[in-house]
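Novice: The structure's right below; bear with me while I get my questions together.
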Amino acid sequence: MATGPEYGLKKIVWQRIRETIIADCRKSEVWKILILDHFTTKIMSSCCKMSDLMLDKITIVEDLFKIREPVLEMKAVYFITPTKKCVDALINDFKVKPKYKAAYVYFTDYCPDDLFSDMKKHCAKSIRICKEINLSFLPLESQVFTCDNPDAFKSIYSPHSKDKDETMQKLADQIVTLCATLEENPGVRYRKDTTLDNAKKLAELVDKKLTQHYEIDENPKKKGKTQAQLLIVDRGFDPVSPILHELTYQAMAYDLMSIKNDTYKYKAKDGSEKEAQLNENDQLWVRLRHMHIAEVSEQIPKLVKEISANKKHADEKITISGLSQLMKKMPSFRKQLAEKTVHLNLTEDCMNRFQQDVEKLCKAEQDLAVGSDVEGQKVKDPMRTLLPVLLHPHSTHDKIRAVLLYIFSLNGTTEENLSKLIQHVKIENESEFILNWKELGVPIISSSSLFPFRKPSRRDRSHEETYNLSRWTPVIKDVMEDAVENKLDSREWPHQSECPSVWNGSGAVSARQKHKASGPDERRSGARLIIFVIGGISYSEMRCAYEVTQAVKSCEVIIGSSHILTPTRLLDDIQALSKAPMETFTIVEEKPSA
């Protein structure tokens, strides 16, 4: 099974699957076929291996939408999403001539009545079990989930969107299944926004659906609110974090390298193409992913030397070619070395890109983001900070990122200044990269409005040790820390539904309580803070969930969104917001008159 913390999301999801789908499979000695759609394939891949399924009498895993040969002597387990496409595919397997001995059907979420009726009409005789198991989110990491819906960004923020309400309903349903899987009925709060009401609307939907879910839930213990909080916030709340060049290992790798579906491709010294999965099955990845690249660069050679400490090569400088020789000479260490080789390659690739392009950008980016330089002196003229970046032959995307940070630092600029910046970066025909941020409620043109965009107040971190080129802290970390210390301002974070009055992830008692905790018995343990960011989360924000959990210990922070962002992906999504959907039309062929 995928590795992770003892009570990580992946383990909880796998336990849920075992308690429902697998438990039913065990009741029969007959080997079964597991049939998945695209989404449930991702869920299963994230939390278990084929060997785990084999132990539980599942011999084959098939794609619901591919042509499959009938296996009449075997029973089929369908783990699918309750959509018309999936239900139609299920019906087709049994409508005319059954492909399998029987069907055991498990939906990720509530199945609409019309689809259930269709299924009942056409294949009721073949269905032995039909359950809804409340599992329609993707456990990406031990403390990170997504709704696996990158298109939600355009649906929610595009002025041309026609499916915003439908998308919000779907996201709310998926958040509720997360809470149900965690056995939490959290108090819901949202970030109040002067320009957009997405967070408020989603909070209302989630709270309503949570109430409905627990009204019909069979577990009587979960009728009331549990001591957990769910915070919902819009992406425009912190536009800086997903745009900055981040220098921690995971965020840097996904920004600078072409990593798709968590697969890193690289060339070995012999010229052969290699690829590696960057996930929690790789313990070294888990250990290194949140470290600064400077620390990772030091760590990997040390780890390799640990393995080869009893060999002559222990004191030599470790290189990729040197590792190849070690692998040939030490077969017993081959697997461990292969893991180290992947990260040595990835680290070298990241450092090469950093030294070629990124290093020159980082100081200016940090100064603009933080509003002060390394010495703590306030940046009085942000344009002076930006100009060297514009004059240097950086890529257009990097210049756009710097221009955006400049505009964010000022809470918007004048139309005249913006026009000059767009001309300087030479994106006259692609100005949407910058202009469309207004759809997220982020000011691009400075305003004299009575209700101007107000940046969140920041925690003082001057006492914290940081790297000069990594001084920025994502705003969401402030939110996490304020939440667990019960310091969130209820005017900025209204309650959609109240949490228990003592809720406080750090174990401290709420200000509403008159007594003070007298001992460890009164300190709660195992509290959860769940944060959902509408419009995507960055890898640096994901890292914050682990950092706060590690620091607080008595509170687990889980963060999620519709999808995961990289700076390039976000800019492309921003640009696409103003594109109107293509009109569809039907050509009707007229029959010639007799």
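The values are calculated or read from the model by the stated rules, or taken from the named source; none is laboratory data. Bear in mind the structure is a predicted one, so any value in this text is a computation, not a measurement. Positions of Cβ are backbone-derived with ideal geometry, glycine not excepted, and every protein chain shown enters the neighbour counts. Quick note on the areas: whole protein, heavy atoms, side chains included, nothing else; ligands and nucleic acids left out. Shrake-Rupley method; radii C 1.70, N 1.55, O 1.52, S 1.80 Å.
Novice: Check the stretch 405-419 and report whether any residue there is without any contact (Cβ under 8 Å) to a residue 12 or more places away in the chain and not hydroxyl-bearing (Ser, Thr, Tyr).
Specialist: Yes, the stretch 405-419 has at least one match.
Novice: Which number in (1) more than 19 Å from residue 530 (Cα to Cα); (2) in a helix (DSSP H, G or I) marks the one condition that residue 203 misses?
Specialist: For residue 203, the failing item is (1).
Novice: How many residues, within the stretch 255-273, are over 20 Å from the mean Cα position of the chain (by Cα), surrounded by 14 or more Cβ atoms within 10 Å (Cβ to Cβ) and at pLDDT 90 or above?
Specialist: Adding up the residues that qualify gives 1.
Novice: Given the conditions (1) open to solvent by 10 Å² or more (accessible area, probe 1.4 Å); (2) in a helix (DSSP H, G or I); (3) not basic (Lys, Arg), which single one is not true for residue 123?
Specialist: Condition (1) is where residue 123 drops out.
Novice: Moving on to the next point. Does residue 409 satisfy the condition of being open to solvent by 20 Å² or more (accessible area, probe 1.4 Å) and either closer than 22 Å to residue 235 by Cβ or at pLDDT 95 or above (or both)?
Specialist: Answer is yes for this residue.
Novice: Shifting gears a bit: From the list 518, 497, 525, 490, which residue is modelled with pLDDT of 60 or more, among the polar types (S, T, N, Q) and out of contact with any helix residue (DSSP H, G or I) (no Cβ under 9 Å at 6 or more places or on another chain)?
Specialist: Matching residue, one of 518, 497, 525, 490: 490.
Novice: Same structure, new question: Are there any pairs with C-beta distances below 9 angstrom linking a residue in the stretch 363-381 that is part of a helix (DSSP H, G or I) to a residue that is modelled with pLDDT of 95 or more and of a type in the set (Lys, Arg), with the two at least 6 apart or on different chains, and if so which?
Specialist: Pairs that qualify, where the first residue is part of a helix (DSSP H, G or I) and the partner is modelled with pLDDT of 95 or more and of a type in the set (Lys, Arg), are 365/401.
Novice: Let me ask you something else. Among the listed residues 206, 286, identify the single one that is aliphatic (A, V, I, L, M) and modelled with pLDDT under 95.
Specialist: Just a single option satisfies the conditions, and that option is 286.
Novice: Related question: Any chance the stretch 185-204 includes a residue that's touching a residue at least 60 places away in the same chain (Cβ under 8 Å), in contact with a Lys or Arg (Cβ under 7 Å, 6 or more places away or on another chain), open to solvent by less than 20 Å² (accessible area, probe 1.4 Å) and charged (D, E, K, R)?
Specialist: no
Novice: Pairs needed: first member in the stretch 20-32, within 24 Å of residue 70 (Cβ to Cβ) and touching a residue at least 40 places away in the same chain (Cβ under 8 Å); second member anywhere, in a helix (DSSP H, G or I) and of a type outside the set (Ser, Thr, Tyr); C-beta distance under 7 Å; at least 6 residues apart or different chains.
Specialist: Listed by first residue and then by second, the contacts come to 32/25.
Novice: Which numbered condition trips up residue 69, out of (1) open to solvent by less than 80 Å² (accessible area, probe 1.4 Å); (2) charged (D, E, K, R); (3) at pLDDT below 95?
Specialist: (1)
Novice: Exactly one of (1) open to solvent by 20 Å² or more (accessible area, probe 1.4 Å); (2) within 23 Å of residue 574 (Cα to Cα); (3) not β-branched (Val, Ile, Thr) is unmet by residue 251. Its number?
Specialist: (1)
Novice: Counting only residues that are of a type in the set (A, V, I, L, M, F, W, C) and crowded, with 17+ Cβ neighbours inside 10 Å, which one in the stretch 292-305 is nearest to the chain's Cα centre (by Cα)?
Specialist: Checking each candidate, the answer is 293.
Novice: Checking the conditions here, which among 140, 171 is under 22 Å from the mean Cα position of the chain (by Cα) and not in a helix (DSSP H, G or I)?
Specialist: Result: 140 is the single residue among 140, 171 that is under 22 Å from the mean Cα position of the chain (by Cα) and not in a helix (DSSP H, G or I).
Novice: So is residue 24 among the acidic types (Asp, Glu) and closer than 19 Å to residue 128 by Cα or not?
Specialist: When the stated conditions are applied, residue 24 passes them.
Novice: Among residues belonging to the stretch 35-66 that are hydrophobic (A, V, I, L, M, F, W, C) and surrounded by fewer than 15 Cβ atoms within 10 Å (Cβ to Cβ), point out the one that is farthest from residue 81 (Cα to Cα).
Specialist: 55
Novice: Take the stretch 21-34 and flag every residue that is open to solvent by 80 Å² or more (accessible area, probe 1.4 Å) and part of a helix (DSSP H, G or I).
Specialist: Once the filter is applied, which keeps residues that are open to solvent by 80 Å² or more (accessible area, probe 1.4 Å) and part of a helix (DSSP H, G or I), the stretch 21-34 yields only 26.
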